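The values are calculated or read from the model by the stated rules, or taken from the named source; none is laboratory data. The model shown is predicted, which means the values in this text are computed figures rather than measured ones. A quick note on method: Cβ atoms are made from the backbone with ideal geometry, for glycine too, and the neighbour counts reach across all protein chains shown. We work out accessible area using only protein heavy atoms, side chains counted, and drop any ligands, DNA or RNA first. Shrake-Rupley method; radii C 1.70, N 1.55, O 1.52, S 1.80 Å.
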Amino acid sequence: NRRMRAYGENIQKLTSEKETLNAKIRIHDELGKLLLSTRKSLSEDLTPEAKRELLSAWKIDLLAMGSARSEKVTDTYSGLYSAAKSVGVTLKITGRKPEEKQLKKVVVTAAIECITNAVKHAKGNAVTVTLTEMGSFLEIAVTNNGEPPKSPIKEGGGFSSLRQLVEREGGVMKIQSRPSFLLQITLPKGESV
């Protein structure tokens, strides 16, 4: 039993380290693209709209870097609200916010991913997270006020990492593209599996 518990703890630690590494790699790639884009843009005369888009792209990447760099900031709801505000997004969370570490991590990670995507892809400025307790499960529904996806959403690094986190906690994740974006996560409220 002791060996199995130690093994489980090691797996959880290694999985967490792998998620952090994947996030850093993703941010590194995004930042590289952004630097190239910025360099090209600065060699041209920018319209006010192009300047706003460039500034928005930098804000999004800084939000992503902050979430990967400091779990303390993103592990709190106040940190989540300030991160949303820093990129010009109004965040509304309805329902009882879980304080249990793993549930909180999923809620915060899902919100950050949806805030980033709302600004980057949907051109939205408001994200709503609805938390509903259904017996021994917590349902998380995330929507935004941006443009609906033009095609079904393909999971990239952010949503794939979120799905791994959700499934590791024994949950289920669904993404709806039509008629508007909806991320739906159902998690057991007990200890992680």
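The phi-based Karplus calculation (6.51 cos²θ - 1.76 cosθ + 1.60; θ = phi - 60°) puts the 3J(HN,Hα) values of region 139-155 at 9, 10, 10, 10, 10, 9, 9, x, 5, x, x, 6, 8, x, 6, 8, 6 Hz, whole numbers, x for Gly and Pro. Pairs over the 30 Å Cα-Cα cut-off, from the set 51/154; 33/189; 97/123; 33/101; 18/150; 120/174: 33/189; 33/101; 18/150.
Carbon-plus-sulfur accessible fraction, the chain (probe radius 1.4 Å, protein heavy atoms only): 56%.
Heavy-atom accessible surface of the chain, averaged per residue, reaches 62 Å², computed with a 1.4 Å probe. With R₀ fixed at 22 Å, the C-beta to C-beta distance from residue 46 to residue 182 puts the FRET efficiency at about 0.05.
When the helices of the chain are scored as -39500 (n - 2.57) per DSSP H run of n ≥ 4 and the total is divided over every residue, the value at 222 nm lands at -19000 deg cm²/dmol. Each Cα pair under 8 Å and six or more residues apart adds its separation to the average, and for the chain the resulting relative contact order is 16 percent.
A Cα-only calculation for region 74-193 places Rg and Dmax at 13.4, 38 Å. Rounded to the nearest 10 degrees, the angle from helix 157-168 to the longest Cα principal axis of the chain is 10 degrees. The H on the amide N of residue 170, modeled in the peptide plane, is under 5 Å from the matching H of 193, each at least 5 residues off or on a different chain. For residue 90, the residues whose amide H sits under 5 Å from its own are 126, 127, ignoring neighbours fewer than 5 places away on the same chain, with H placed 1.01 Å from N.
Helix 48-69 and the longest principal axis of the Cα set of the chain meet at an angle near 20°.
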